[in-house]
Amino acid sequence: MEFFTLNNGIQMPKSGLGTFLLTPKEAYDSTLTALKCGVRHIDTANGYMNEKAVGRAIKDSGIDRSEIFVTTKLWPSVYSDENAISDTLTRLQLDYVDMLILHQPACDYIHAYQMMEEVYKNGKVKALGLSNFSEEKIQEILDIAQIKPQLLTVECHPYYVQKKLREYLAPHNIIIEAWYPLGHGDHAMMDEPVFTKLAEKYHKTPIQIILRWHTQYGTSVIPGSKTPSHIEENNAIYDFTLTEEEMKEIDALDCGKHYYTQTQELLDKYASMAPDFNGQDDGKE
Ligand SMILES: NC(=O)c1ccc[n+]([C@@H]2O[C@H](COP(=O)([O-])OP(=O)(O)OC[C@H]3O[C@@H](n4cnc5c(N)ncnc54)[C@H](OP(=O)(O)O)[C@@H]3O)[C@@H](O)[C@H]2O)c1
């Protein structure tokens, strides 16, 4: 395991498990598998409707809470709800989360950020993040922030390296976390010959080459998986190092291709989605 040091001094594992689209039962099983094979960062969200299951798996793992980095995200429908963060902690059965992220730049995200800052000050949140915010919207946050965000999570993979955004974030020392780090499982990308070639050289899999490229680039990764062997594979990426030349070879795949496009229509749709987060099940059969 390797760690990034965030701009507030907090140590964050460079890789973890993503739980988007996992049912509560799948999220419980995958989180437990991940923790048992050494993964120490779990990424969930209000909107994934699996926080209760993730929290139960963390508890059942028996691993000391201080060793696990837990990330969750507030959904826009709770941005004006003063109980949003305490409800989130209750669902997770946790006293604090390591990273709390605003999931989408919709609704009153300024109020939500200020609410997160208050909770940060009393120690219930150790680091603050933004998700899917453009440069313009990040600047709005920076203009009012008492506490700078530590992380921005956006779509990022070898086809979409986000170079411009990285240049903008660098002076603020805000780290990028890649969602869709494997292109959401797109075989066209995962099967690129450069990954196969490097996999042979290092006795690794093409997926491990992609994940290692991300972390060496300074990007944290949270590959999503409900397959135990994949979860284990995705964590075994710290016993080799790509050369500078190999890193550049992978960088050359950057073609601006992305699988998700943010539109105002989508943001409006997110703003109107208000699921019953407390009503979700915890994945028990
Ligand atoms: N902030 C946001 O708005 C946002 C948006 C999207 C995602 N996310 C976060 O980012 C995480 C990652 O995104 P994602 O899960 O959608 O996409 P992803 O990690 O790019 O790809 C996941 C896909 O890759 C497959 N996979 C994983 N490891 C593999 C391996 N070793 N070999 C072969 N296939 C493998 C998975 O299948 P198996 O299940 O069979 O392993 C799954 O189909 C999410 O889980 C979520 O936590 C955040």
Discussion item. Only four residue types carry charge here, +1 at the Cβ of Lys and Arg and -1 at the Cβ of Asp and Glu. Report the dipole size of the chain about the Cα centre in Debye, rounded to the nearest 20.
Written reply: 400
Worksheet item: What order do you get for 107-114, 275-282, 31-38 when each peptide is scored by the mean count of other beta carbon atoms within 10 Å, highest first?
Response: 31-38, 107-114, 275-282
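By average Cβ neighbour count within 10 Å, what is the ranking of 1-10, 151-160, 168-177 from highest down?
Descending mean neighbour count gives 151-160, 168-177, 1-10.
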Item to complete: Output the direction-averaged projected area (hull surface divided by four) of the convex hull of the alpha-carbon atoms of the chain, in nm².
Response: 14.1
Item to complete: Name the aspartates and glutamates eligible as straight-distance cross-link partners of Lys204: C-alpha to C-alpha under 13 Å, and not fewer than 8 places from it in the same chain.
Response: Glu232, Glu233, Asp239
Practice prompt. With springs only between Cα atoms under 10 Å apart, run a GNM on the chain and tell me which of Tyr260, Tyr48, Tyr180 wobbles the most.
Written response: Tyr260
Discussion item. Using each residue's phi in the range 8-23, evaluate 6.51 cos²θ - 1.76 cosθ + 1.60 at θ = phi - 60° and report the 3J(HN,Hα) Karplus result to the nearest Hz, with x for Gly and Pro.
Written reply: 10, x, 6, 8, 10, x, 5, 9, x, 10, x, 10, 4, 6, 8, 5
Discussion item. Compute, for the range 175-269, the length of the dipole vector about the Cα centre, with Cβ point charges of +1 (Lys, Arg) and -1 (Asp, Glu) only. Units Debye, rounded to 20.
Written reply: 180
Item to complete: Would you kindly calculate the translational diffusion coefficient of the range 47-113, applying Stokes-Einstein with the Kirkwood radius from alpha carbon pairs, for 37 °C and a viscosity of 0.692 mPa s, and quote it in µm² s⁻¹ without decimals?
Response: 262
Fill in: Principal axes of the range 1-67: Cα extent on each, largest first, Å
33, 25, 15
Worksheet, complete the sentence: Length gained, Tyr168-Asp60, 0.36 nm per residue minus C-alpha separation, equals 34.8 nm
Worksheet item: Any idea what the dipole of the range 82-221 comes to, in debye rounded to 20, about its Cα centre with Lys/Arg Cβ at +1 and Asp/Glu Cβ at -1?
Response: 600
Item to complete: Straight distance only, please: which aspartates and glutamates reach the Cα of Lys163 with their own Cα at less than 15 Å, same-chain residues fewer than 8 apart left out?
Response: Glu135, Glu155, Glu177, Asp251, Asp254
Practice prompt. Would you list, by chain and number, the lysines whose Cα falls below 25 Å from the Cα of Lys284, excluding same-chain residues fewer than 8 positions away?
Written response: Lys25, Lys36, Lys52, Lys59, Lys73, Lys226
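Read-outs: derived from the displayed coordinates by stated rules, not from any lab. Every value quoted in this text rests on a predicted model; they were computed, and no experiment measured them. With ideal geometry, Cβ positions are generated from the backbone for all residues, glycine too; neighbour counts draw on all protein chains shown.
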